[in-house]
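The values are calculated or read from the model by the stated rules, or taken from the named source; none is laboratory data. Since we're looking at a predicted model, the values are computed, not measured. Cβ: placed from backbone, ideal geometry, glycine included. Neighbour counts: every protein chain shown.
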Amino acid sequence: MKIALAERGGAWVKAVAHGKAAHGSQPDRGVNAILTMSRFLLRLPEALPDRVHPLVGAPTVNVALVSGGSAPNVVPDRCEVEIDRRIVPGEEDPEEVLAPFRLLVDDLVAERPETHIEISLNHWTEAAETTGDSAIAQVVRDAIAVETGAPPPFVGFTGITDARFYINDAHIPTVIAGPGSLSLAHTANESIGVEEMIDAARAYARIFVGFLGTR
């Protein structure tokens with residue numbers, strides 16, 4: 001097990017491309033919103049800032065949902081996508097995160113004036129970060145070291161957890177530690193090794209005793 005001191009946040013961005021419907025046999029009479037969106041999506045990496053957090057790495061972008069078109073014989077006049085833009089500690093302004101997406105749209109409009117894409121924010125989740133010198137971080141590290149035989153490293157967590165509420169809202173030092181691998185999350189083979197789960201359960205017991213004490 002490792003101990004995460006920081007986690008990414010997320011900006012769920014919605015992009016809607018508007019086109020002009022036409023009969024599928026006369027595509028030149030319409031504006032294909034799906035093709036417009038595809039040009040935008042192929043350039044999405046340009047909307048990422050040039051920054052790297054020492055624990056959670058660089059911001060990322062993932063096209064998660066796509067919908068568009070009404071029938072095979074119609075030039076689609078609308079295409080909508082939802083984009084998962086992961087933010088890192090230090091990125092705190094939603095408008096600063098959205099601005100590069102809108103600049104990208106402006107570039108596409110300059111190249112193809114018929115381009116019409118709207119950008120909006122569906123959901124914002126703050127990133128969070130704590131320090132390794134807090135009491136809870138040290139207790140967790142000692143407990144895991146006893147059960148696994150070696151002090152775990154301090155790392156970052158690229159996903160999103162409830163730790164952000166304790167760190168950002170309640171100002172309670174909080175770390176993320178547990179069995180399993182994020183690389184298996186949301187996959188067909190999502191699982192945790194039995195021995196790893198047992199080590200984690202024992203470590204948790206040591207954490208409770210070490211941090212809360214006994215009576």
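Miscellaneous remarks
- When the criteria are applied in full, P45 meets the requirement of being of a type outside the set (S, T, Y), touching a residue at least 12 places away in the same chain (Cβ under 8 Å) and surrounded by fewer than 16 Cβ atoms within 10 Å (Cβ to Cβ).
- In the set (1) under 27 Å from G159 (Cβ atoms); (2) surrounded by 16 or more Cβ atoms within 10 Å (Cβ to Cβ); (3) polar (S, T, N, Q), the condition left unmet by N122 is number (2).
- Only listed residue being farther than 24 Å from T60 by Cβ, touching a helix residue (DSSP H, G or I) at 6+ places or on another chain (Cβ under 6 Å) and either free of Cβ contacts under 8 Å to residues at least 60 places away in the same chain or surrounded by 12 or more Cβ atoms within 10 Å (Cβ to Cβ) (or both), chosen from I198, I192, I172, I176: I172
- Residues located in the stretch 155-169, provided they are free of Cβ contacts under 8 Å to residues at least 12 places away in the same chain and closer than 16 Å to V88 by Cα: D162, F165
- Residues that are at pLDDT below 90 and either aliphatic (A, V, I, L, M) or assigned to a loop (DSSP other than H, G, I, E, B) (or both) are absent from the stretch 196-211.
- Complete set of residues in the stretch 201-215 that are of a type in the set (A, V, I, L, M, F, W, C) and exposed (fewer than 15 other Cβ atoms within 10 Å of the Cβ): A201, A205, F208, V209, F211, L212
- Screening R39 with (1) among the basic types (K, R); (2) closer than 27 Å to I176 by Cβ; (3) surrounded by 14 or more Cβ atoms within 10 Å (Cβ to Cβ) gives one miss only, at (2).
- Complete set of residues in the stretch 6-35 that are in contact with a helix residue (DSSP H, G or I) (Cβ under 8 Å, 6 or more places away or on another chain), surrounded by 22 or more Cβ atoms within 10 Å (Cβ to Cβ) and closer than 11 Å to D77 by Cβ: A17, G19
- Residue in the stretch 127-136 that is modelled with pLDDT of 95 or more, under 23 Å from the mean Cα position of the chain (by Cα) and either of a type in the set (D, E) or closer than 30 Å to V31 by Cα (or both) present: yes
- Taking the listed residues R43, R29, the one that is in the same structural domain as H116 (by TED's automatic domain parsing), touching a His at 6+ places or on another chain (Cβ under 9 Å), basic (K, R) and more than 30 Å from I144 (Cα to Cα) is R29, with no other qualifying.
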